[in-house]
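Below: the structure, in structure tokens.
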Amino acid sequence: MARIGLVAHDDKKDELCAWADRHKRKLSEHRLWGTGTTGSRVIAATGMPVTLLKSGPLGGDQQLGAMIAEGRLDVLIFFIDPLSAQPHDVDVKALTRLATLYDVMFANNEATANAVLAYL
């Protein structure tokens, strides 16, 4: 059972929710955490349990980063919007840096999320 973090930028939340709904059978085999808004939307779209953290800009990205640094997260699925400026870009960069540093499986779009899920 993998421990999976779910987060998406505002313009990618619908895409992540649709992806999670298509893969809910496989995702339900794992433990899920999500930043506040993203996690709430995934729960509404799929009915799956997701442990909610704070909203990304209010510290949720940092909470996921702490989980990675403490060895409490195996996978990070973060649908990133490369075309929109993010007011909390520093937190986003820190989270992606930690996922890379600690060699956590990291998917930043649907194609890589599909590959990671197939591996699990």
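The values are calculated or read from the model by the stated rules, or taken from the named source; none is laboratory data. A quick note: this is a predicted structure, and the numbers were derived from the prediction, not measured. For neighbour counting, all protein chains shown are included, and Cβ atoms are generated from backbone atoms with ideal geometry for every residue, glycine included.
Here VAL7 does not qualify as farther than 18 Å from THR96 by Cα, within 11 Å of the chain's Cα centre (by Cα) and crowded, with 23+ Cβ neighbours inside 10 Å. With respect to the conditions (1) surrounded by 17 or more Cβ atoms within 10 Å (Cβ to Cβ); (2) under 24 Å from TYR102 (Cβ atoms); (3) not charged (D, E, K, R), THR51 falls short on a single one, namely (1).
Taking the condition modelled with pLDDT of 95 or more, assigned to a loop (DSSP other than H, G, I, E, B) and surrounded by fewer than 19 Cβ atoms within 10 Å (Cβ to Cβ), does PRO82 pass? No.
Residues of region 89-98 that are surrounded by 15 or more Cβ atoms within 10 Å (Cβ to Cβ) and either modelled with pLDDT of 95 or more or of a type in the set (D, E, K, R) (or both): ASP91, LEU98. Residues in region 75-120 that are among the acidic types (Asp, Glu) and in contact (Cβ under 8 Å) with a residue 24 or more places away in the chain: ASP81, ASP91, GLU110. Being under 23 Å from TYR119 (Cβ atoms) and small (Gly, Ala, Ser), is that true of even one residue in region 54-68? Within region 54-68 (the criterion being under 23 Å from TYR119 (Cβ atoms) and small (Gly, Ala, Ser)), the answer is yes, since at least one residue qualifies. Residues that are modelled with pLDDT of 95 or more, of a type in the set (Ser, Thr, Tyr) and in a helix (DSSP H, G or I) occur in region 43-60; there is at least one.
Based on what the data block shows, is THR51 without any contact (Cβ under 8 Å) to a residue 24 or more places away in the chain and touching a Lys or Arg at 6+ places or on another chain (Cβ under 8 Å)? Considered against the rule, which asks whether it is without any contact (Cβ under 8 Å) to a residue 24 or more places away in the chain and touching a Lys or Arg at 6+ places or on another chain (Cβ under 8 Å), THR51 comes out as yes. Of the numbered conditions (1) touching a residue at least 60 places away in the same chain (Cβ under 8 Å); (2) closer than 18 Å to ALA18 by Cβ, VAL42 satisfies every one except a single condition; which is it? For VAL42, the failing item is (1). For region 90-118, a residue qualifies if it is assigned to a helix (DSSP H, G or I), in contact with a strand residue (DSSP E or B) (Cβ under 9 Å, 6 or more places away or on another chain) and of a type in the set (Val, Ile, Thr), and the qualifying residues are VAL92, THR96, THR100, THR112, VAL116.
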